[in-house]
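The values are calculated or read from the model by the stated rules, or taken from the named source; none is laboratory data. Note that the structure is predicted; figures quoted are calculated from it, not measured. No Cβ is skipped: glycine too gets one built from the backbone with ideal geometry, and neighbour counts run over all protein chains shown.
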Amino acid sequence: MNIGLGKQNLQEVEHAFRQSFTLMWLLSTMLLLFGETFGLWFVYNKLVIPPDRMVAALWVYQFSLVSVLSAINQVPLMGAIVAHEKMNMYAYLGLFEAFARLLIAYLLKVSATFDSLILYGMLTALVSVITWLFYAVYCVRSFSECKLRFYWDLSLVKDMSRFIGQNLFGCFAWSAGVQGTNILLNLFFGPTVNAARAVSVQVSAVVTRFTENIMTAVKPQIIKSYASGDREYMIVLIKKSSKYAYFLAALFAIPVIIEIEFILEVWLGQVPEHTVAFTRLVLCESLIGVFIPPLWIAANATGRIKNNQVYGRMFTLAILPISYLLLKVQQDPMIPFFVAVVANIGYWLYCLFDIHRQLKLDVVRYMLEVVKPAIFLSVFLLFVGFVLVYYIQEDSFYRFLIVLASMLLVGTGVIYGLLSEGEREFVSSIFRKLYSRVK
């Protein structure tokens, strides 16, 4: 759709949307059949679930299927919104989802008569369905090409199927790495360690959510610059979005890495064993992962995604067998997390050299302009954080506020110093616009 809009070919955009809509429905049907057959068998026969919680687990599994199917069918709708760069609507829907999840947390706390696990699954599925309906209504009313009708063009299907198939393999490899780790931890250590991992993943998702908006905003610009033949500007966008996204993620992730023990004690009260170490490693993995999405977007723009979604994803897919073999040698729940960090570094570097081959991106300049400032910022923030922790020994809310505020202020100053003159002017213009709106 981005390429069609870049060419100003509305018929091509409509065909792409309707074909994508059709393929997502077919994929949903296949996934539903798979989930209700093999998936149910696996839950019944392989997962370690206490017998008295099996009914709740099955309900949550069904609600999870509803959430996944809703997310799949959001893909063409979200694509249309991003392609038209309607970021305000994208932001409103993101706020709705965030508010809805806060409401779910409140309802879970006040509801004493209903099984909390089942209620959580049901409400999460309901939010997913409502979000899909909002996307559908907005797109149909706002964009003439968004018609929720099935369409079949064999040549377009071949192109999109190849593209979707390669993306699906990448998603499968990612799921095998992430969900496979959950299954391994369940098989080797039981539900308690799974609970610790779930908490660590939730913390990481909150911290890195900020960077997703940068990627969403820059995606249509990268694709349209490629469609218009402006490769130089495309490479500039790749590097700048990578740098800005890392700066933003590090500004929040590193204080959390330092003060995670206090945060978890306030949030959970009783912190499951290994949760602190798990969270720190997952956040490190997420910070490395921040560099990858701009490279994905560039590969999507060229249409040559086989290298990063098939061959590159072998790094992610390898997490499962390598972790299994190492756990057989030594049963340490930290092993899959260390393997995931190393695999993410390998995958990022593979994607980087793939884009170097496709677009002649200068890897040395990328390292100097993106990675070097990122390392400098991280080391500086860690130094400031640990110095503050050393001098304020008491583990309290006061120390947490001091550490967070100091690192945010100092980190913002360092980031501003690491930006080029043009980048500083760009950031300043954004703040001036925000100030004028408030005024």
*Inspect the range 357-365 for any residue being surrounded by 14 or more Cβ atoms within 10 Å (Cβ to Cβ), touching a Lys or Arg at 6+ places or on another chain (Cβ under 7 Å) and part of a helix (DSSP H, G or I) and give the result as yes or no.*
yes
*Of the conditions (1) more than 18 Å from R53 (Cβ to Cβ); (2) without any contact (Cβ under 8 Å) to a residue 12 or more places away in the chain; (3) of a type in the set (S, T, Y), S116 fails just one. Which one is it?*
(1)
_Being touching a residue at least 12 places away in the same chain (Cβ under 8 Å) and either in a helix (DSSP H, G or I) or surrounded by 15 or more Cβ atoms within 10 Å (Cβ to Cβ) (or both): is that true of R162 here?_
no
*Select from the range 235-265 the residues that are over 20 Å from R424 (Cα atoms), crowded, with 23+ Cβ neighbours inside 10 Å and within 16 Å of the chain's Cα centre (by Cα) and list them in ascending order.*
A253
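Tell me, which helices (runs of 4 or more DSSP H) wholly within the range 281-329 include 1 or more residues that are under 30 Å from L187 (Cα atoms) and more than 20 Å from the chain's Cα centre (by Cα)?
Values: elements: 292-302, 314-317, 319-329.
Those helices (runs of 4 or more DSSP H) span 319-329.
Residue-wise test of (1) assigned to a helix (DSSP H, G or I); (2) touching a residue at least 40 places away in the same chain (Cβ under 8 Å); (3) of a type outside the set (K, R); (4) under 23 Å from L287 (Cα atoms).
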{"site": "M215", "(1), (2), (3), (4)": "yes, yes, yes, yes"}
{"site": "I222", "(1), (2), (3), (4)": "yes, yes, yes, yes"}
{"site": "G229", "(1), (2), (3), (4)": "no, no, yes, no"}
{"site": "E232", "(1), (2), (3), (4)": "yes, no, yes, no"}
{"site": "K243", "(1), (2), (3), (4)": "yes, yes, no, yes"}
{"site": "A249", "(1), (2), (3), (4)": "yes, yes, yes, yes"}
{"site": "F252", "(1), (2), (3), (4)": "yes, yes, yes, yes"}
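Considering only residues that are of a type in the set (K, R) and in contact (Cβ under 8 Å) with a residue 24 or more places away in the chain, which ones fall in the range 313-356?
The first filter runs over the range 313-356 and keeps only residues of a type in the set (K, R), leaving 313, 328.
Within the range 313-356, just R313 meets the criteria.
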_Criterion (modelled with pLDDT of 85 or more and polar (S, T, N, Q)) met by exactly one of T275, T211_ = T275
*Among the residues of the range 30-60, write down those that are touching a residue at least 40 places away in the same chain (Cβ under 8 Å) and among the aromatic types (F, W, Y).*
W59
*From the residues in the range 395-430 that are outside any helix (DSSP H, G or I) and modelled with pLDDT of 70 or more, which one is nearest to I257 (Cα to Cα)?*
L419
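Determine, yes or no, whether F337 is assigned to a helix (DSSP H, G or I), in contact with a helix residue (DSSP H, G or I) (Cβ under 9 Å, 6 or more places away or on another chain) and at pLDDT 80 or above. Steps first, please.
Working: assigned to a helix (DSSP H, G or I): yes; in contact with a helix residue (DSSP H, G or I) (Cβ under 9 Å, 6 or more places away or on another chain): yes; at pLDDT 80 or above: yes.
Yes.
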*Residue in the range 299-310 that is surrounded by 20 or more Cβ atoms within 10 Å (Cβ to Cβ), touching a residue at least 40 places away in the same chain (Cβ under 8 Å) and among the small types (G, A, S) present*: yes
*Unique residue being touching a residue at least 40 places away in the same chain (Cβ under 8 Å) and exposed (fewer than 13 other Cβ atoms within 10 Å of the Cβ) when the list is F400, F386*: F386
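Consider Q19 carefully, then state whether it is at pLDDT 75 or above, closer than 21 Å to S142 by Cβ and of a type outside the set (V, I, T). Walk me through it before giving the result.
Working: at pLDDT 75 or above: yes; closer than 21 Å to S142 by Cβ: yes; of a type outside the set (V, I, T): yes.
Against the criterion (at pLDDT 75 or above, closer than 21 Å to S142 by Cβ and of a type outside the set (V, I, T)), Q19 qualifies.
Among the candidates F134, F38, F114, F99, single out the residue that is at pLDDT 85 or above and out of contact with any Phe, Trp or Tyr (no Cβ under 8 Å at 6 or more places or on another chain).
Working: F134 fails: out of contact with any Phe, Trp or Tyr (no Cβ under 8 Å at 6 or more places or on another chain); F114 fails: at pLDDT 85 or above; F99 fails: at pLDDT 85 or above.
Testing whether each residue is at pLDDT 85 or above and out of contact with any Phe, Trp or Tyr (no Cβ under 8 Å at 6 or more places or on another chain) leaves just F38.
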